[in-house]
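The values are calculated or read from the model by the stated rules, or taken from the named source; none is laboratory data. Computed from a predicted model, the values in this text were never measured in an experiment. Please note: Cβ atoms are built from the backbone with ideal geometry, for glycine as well, and neighbour counts cover all protein chains shown. We work out accessible area using only protein heavy atoms, side chains counted, and drop any ligands, DNA or RNA first. Shrake-Rupley method; radii C 1.70, N 1.55, O 1.52, S 1.80 Å.
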Amino acid sequence: MPYQQNSTQTDRTPFITFIIPVYNIPVSMLHECIESILALNLHPSEREIILVDDGSDNSPIGDLKELSQQLIYIRTANNGVSEARNTGLRMAQGEFVQFIDGDDLLLTSTYEHVLRLAQTKNCDMVMFDFSETAHADNNYKDSPCVSGTELMHRNNIHGATWGYLFRRSLLGTLRFTPGVAYGEDEEFTAQLLLRAEYVRHTTAKAYYYRERNTSAIHAEGADKHLQRLDDNKQVIFRLSRQLDSLPADDRNALERRVAQLTMDYIYNTIRLTRDRQCLNQRIEELRSKGLFPLPDRDYTTKYKWFRRMTNSEIGRRMLMRLLPIMEKER
């Protein structure tokens with residue numbers, strides 16, 4: 001059974017719940033993450049902070065004593081980030097939800113702009129940009145409000161769940177698929193956008209993303225690479241199975257997202273395996289599901305170029321030679 005420690009909360013519904021999944025993150029980073037939430041201009045009754053410890057080797061709560069009254073702390077068995085986020089969602093009471101990785105930070109001034117958009121513009125979701133430094137840039141633009149379907153139909157979205165806050169009532173039964181270590185964000189975000197009627201995007205860099213070599217996305221080794229590819233493939237398959245049941249506009253929007261994810265999957269198969277036989281096998285799997293060749297659409301210049309290259313054996317051979325060289329030169 002999960003271990004839960006509750007903070008002192010009022011009966012008032014919080015404006016926003018912050019969900020922080022944690023697994024073996026340095027306490028110093030976690031401390032900074034929580035402090036960045038507490039620095040926001042929110043009354044304690046307006047915020048809820050749920051820290052879900054996904055079976056870390058050592059519980060961090062003993063080192064967070066001075067912050068523990070501000071938190072709801074839940075310790076579970078190590079079931080992965082998808083289940084940790086689902087646990088947080090089950091506990092959440094806020095009108096809005098924001099996911100944060102425990103080694104990252106919110107940037108105060110720009111995130112407060114995001115909060116103002118959610119409070120004053122009747123948004124279901126506010127999507128924002130991220131920074132690779134801890135300093136906010138206060139030059140930004142806000143886009144007009146559109147539906148999530150329209151946004152996804154016209155743009156290549158950034159699927160990371162920490163890149164937006166959303167109205168909790170959008171969820172319904174939507175949750176993260178258990179057992180997925182890579183790509184769980186993409187599956188969740190695409191489905192959430194289809195449910196959102198009012199979405200606003202701002203170029204405000206409101207989130208400090210700290211790239212760590214020990215994070216799951218940077219895990220090295222052939223087994224980890226294959227797991228990443230297999231997880232990504234299953235996400236694509238699950239999303240594609242929904243297409244026939246959707247209204248035309250939603251279907252067109254999700255088709256674009258599936259095509260983009262499929263392009264990324266083929267690209268990463270080349271980059272991570274550098275194995276022509278593996279590439280051909282995975283392309284045949286895509287073909288059997290009607291996902292290859294990539295749809296003939298004018299989504300982006302990069303997409304059109306990549307589609308033409310992957311459509312022929314000669315083009316795929318060229319990619320096998322060129323992509324590893326390009327990776328080395330980056």
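Structure notes:
- Picking from residues in region 42-57 that are out of contact with any strand residue (DSSP E or B) (no Cβ under 8 Å at 6 or more places or on another chain) and in contact (Cβ under 8 Å) with a residue 24 or more places away in the chain, the one that is nearest to residue 183 (Cα to Cα) is 57.
- Residue satisfying all of: in region 89-135; under 22 Å from residue 147 (Cα atoms) and among the polar types (S, T, N, Q); modelled with the highest pLDDT among these: 98
- Matching residues in region 110-130 - criterion: being under 17 Å from residue 209 (Cβ atoms) and of a type in the set (Ser, Thr, Tyr): 110, 111
- Number of the condition not met by residue 290 [criteria: (1) of a type in the set (Gly, Ala, Ser); (2) surrounded by 15 or more Cβ atoms within 10 Å (Cβ to Cβ); (3) touching a residue at least 24 places away in the same chain (Cβ under 8 Å)]: (2)
- Residue in region 299-330 that is modelled with the lowest pLDDT, counting only those that are under 25 Å from the mean Cα position of the chain (by Cα) and outside any helix (DSSP H, G or I): 330
- Of the residues making up region 52-68, at least one is of a type in the set (Ser, Thr, Tyr), open to solvent by less than 20 Å² (accessible area, probe 1.4 Å) and part of a loop (DSSP other than H, G, I, E, B).
- Condition broken by residue 261, with the remaining ones in (1) in contact with a Phe, Trp or Tyr (Cβ under 7 Å, 6 or more places away or on another chain); (2) part of a helix (DSSP H, G or I) satisfied: (1)
- Unique match (being within 24 Å of residue 319 (Cβ to Cβ), open to solvent by 50 Å² or more (accessible area, probe 1.4 Å), in a loop (DSSP other than H, G, I, E, B) and among the charged types (D, E, K, R)) among 220, 284: 220
- Residue within region 29-41 that is without any contact (Cβ under 8 Å) to a residue 60 or more places away in the chain and farther than 17 Å from residue 74 by Cα present: yes
- Every residue from region 30-64 that is of a type outside the set (Gly, Ala, Ser) and under 20 Å from the mean Cα position of the chain (by Cα): 30, 33, 34, 37, 49, 50, 51, 52, 53, 54
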